[in-house]
Amino acid sequence: MSAADHSPLRAGFAQADITPERATPLSGFASRDGLAEGTLDPLTARALWLDDGAKQTAMLALDLIGPPDGLAGALRARFPELGDRLVVAATHTHAGPPVLARAMLGAPPPGYLEHVAQRAAAALEAARAAARPVALRRGAARTQGVAHNRRDPHGPVDPHVDVVTFAATGAAPIVWLNFACHPVVLGPETLRYSADFPGVARRRVEAMLGARVIYTTGCAGEINLGHSALDSIRKIGMERRTPAEAERIGGIVAEAALAAMAGLAPVDDAERGLGGGSVALPARIVAPDAAMRDAIERAALATLGDAAATRGDRAMAAIDRAWLATPRPAIADLRVTALTIGALQAAFLPGEIFVETALALKRRAPGVIVVGYADSNPGYIPPAGARGGYEVDVAWRPYGAPGPFAPGMAEALAEAAAALLAASG
C-alpha cells in the first residue's frame, strides 16, 4: 500500500483551452502591430483542486497577461466551499489576448472574458470531480542562464524552479512548477498565441513523466531573459526571440524540474491538512502632480515630432498622451493570499512584484513558495528603494493606473503575506 493510500489529502487536476476562437490583438508590447495570425501552442486554464476531508483549496493558472479583473471574486462566489482559499494566477505570457480592462495595450475582445470565466469554472469542477488520495512531495533545482535582472546585471535573481508533486496510486502525478522569470522569449514580432517557454516546460515534463502540470510565475517584475524593456519597445534583438529559443529555454526549465524530481522530499505533517486565508489592502497611489504631467506631455510631443523615433517609441508616446487625456479610475484593493498544504506554505501576491520582495519574504518564511500575478495584475509594484527605469517611471501608464504605487506598497503586501503565513503555520 502506497503513502497516497494513507493520506487524507486528495488532489485533482483539469485543464481547458482558452485560446480565442477569433483573431484578437496580442497583449504585452506597445510596438506590436496587427492581430493574431494563428496559434503556436494553445492557451490553457489549468486547475488544481485539493481536499483534506474538511476543507478544500484550489489554484487556477491562466495563460494570460494577468487574471481578468473580477474573475477571482466571481469564481469564489461560484465555489463558496473554497472561500478565500481559491487563488487565480496568470503565467503572464505576452502572446495572449488583452484581458485587463484598465490597461492601454488593447481592449478585451467582446465575449472573451465570459468565455474564460466559463472555461475556468468548468476546469475547477472537473478537477474537483477528479480528486483522489495523493502523496505530497516537494523540491527545487537551479536553472542556469535563464533568469536575468534586466535593471541591474549584478542584481538579484531567483534561479530556482519550485516543484511540488501530488502522486496518486496508479495515476499520472500532478506537478506544480513555479519559476520567477518573465515569459517573454517571444517578442513583439510574434503574432501567434502561445504560452511562451512555460508552455514548453509543461509539455516536456508531461511527456517525460506522463504528468499533468500546472505552472505559475514567481515574482519577476524585473526578471527576464537578458534583454531590456527598451529592447522590446524598439525591437532590438528580435532575431533571438523565436519559437526555437522558447523551446530551448523551456527545455532548460524542464530539465531543472526533472532534476528536482529526482530528489523530492515528502512534505512533513501532511495530516495537518489545508489552511490559509487572504487579506485585501488598499492600493496606495502617488498621484502625478502638474510638473510631472507637464514633463510627460513634453516628452511625448518631442517623441511624436521626431522623425527618427521608432514605432515602439511613438506608440509609447501616444499611450502617454491618451493617459493624460483621460482620467484613470482608482485601483481596487490588492489581495494577498497564503495557502498551507500540510507543512507546505505558499504566498500569492498581485501584480508585477520585484524579485527582491519575494526573496525577502523567503528569508522570513523559509521554504515558502512565492507566486506573482495572482488575483489581479494592476502593474509593477516596486520595492521602496527602486529608482528610475521602465518599471518604476513608465509602466504605470500603459497599465492604465492613475499613478505609480506609493513607496512601501510592495513591503506592505509582503508583510501581509508573512502575517497570513504565520497565522496559518
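Each value in this text was obtained by applying a stated rule to the coordinates, not by laboratory testing. On a predicted model such as this, the values are computed, not experimentally measured, just so you know. No Cβ is skipped: glycine too gets one built from the backbone with ideal geometry, and neighbour counts run over all protein chains shown.
Excluding Glu245 itself, what net charge comes from residues whose Cβ is under 13 Å from its Cβ, given Lys and Arg +1 and Asp and Glu -1?
Values: positive: Arg240, Arg241, Arg248; negative: Glu189, Asp196, Glu239, Glu247.
Around Glu245, the charge tally is -1.
Might you report the magnitude of the Cβ-based charge dipole of the range 74-199 about its Cα centre, with Lys and Arg at +1 and Asp and Glu at -1, to the nearest 20 debye? Walk me through the intermediate numbers first.
On the way: 13 positive and 9 negative charges, 47 e Å.
The dipole of the range 74-199 has a size of about 220 debye.
Output wanted: per-residue J couplings in Hz (rounded whole) for the range 104-119, from phi through Karplus 6.51 cos²θ - 1.76 cosθ + 1.60, θ = phi - 60°, x for Gly and Pro.
Going residue by residue, I get 10, 10, x, 8, x, x, x, x, 6, 4, 5, 4, 4, 4, 5, 5 Hz, with x marking Gly and Pro.
Putting +1 on Lys and Arg Cβ atoms and -1 on Asp and Glu Cβ atoms, find which of Trp396, Val88, Val157 reaches farthest to the positive end of the dipole of the chain.
Sorting the options by dipole projection puts first Val88.
Rounded to the nearest 500, what is the chain's calculated 222 nm mean residue ellipticity when only DSSP H runs of at least 4 contribute -39500 (n - 2.57) each, over all residues?
Helix-only estimate at 222 nm: -9500 deg cm²/dmol.
For Lys235, what charge total do you get from the other residues with a beta carbon under 14 Å from its beta carbon, if Lys and Arg give +1 and Asp and Glu give -1?
With Lys, Arg at +1 and Asp, Glu at -1, the neighbours total +1.
Taking 7 Å along the Cα-to-C-beta vector as the label spot, tell me the Arg248-Arg311 distance in nanometres, rounded to one decimal.
2.5 nm
With axes computed from alpha carbons, what is the tilt in degrees of helix 196-209 against the longest principal axis of the chain, rounded to the nearest 10 within 0 to 90?
Computed tilt is about 20 degrees.
What does the charge add up to near Pro407, with Lys and Arg as +1, Asp and Glu as -1, over the other residues with Cβ less than 15 Å from its Cβ?
Summing Lys and Arg as +1 and Asp and Glu as -1 gives -3.
Measure out, as a whole number of angstrom, how far apart the alpha-carbon centroids of the range 396-412 and the range 243-267 sit.
Taking the Cα centre of the range 243-267 as reference, the centre of the range 396-412 is 33 Å away.
Using Cα springs under 10 Å in a Gaussian network model of the chain, which residue among Thr310, Thr190, Thr93 shows the largest mean-square fluctuation?
Thr310
Assuming R0 = 35 Å, what is the FRET efficiency of Leu230 and Met208, from their Cβ-Cβ distance, to the nearest 0.05?
Here the calculated transfer efficiency is 0.40.
Summarise the long-distance tail of P(r) for the range 28-129 by giving the % of C-alpha pairs beyond 18 Å.
Values: 2488 of 5151 pairs.
Considering the range 28-129, 48 percent of its Cα-Cα pairs are separated by more than 18 Å.
Placing one identical point scatterer on every Cα of the chain and ignoring solvent, what is log10 I(q)/I(0) from the Debye formula at q = 0.09, 0.12, 0.13 Å⁻¹?
Ignoring solvent entirely, the Cα scatterers give -0.51, -0.93, -1.10.
Which residue, Ala260, Ala30, Ala54, has the most motion in a Gaussian network model of the chain that connects Cα atoms within less than 10 Å?
Ala54
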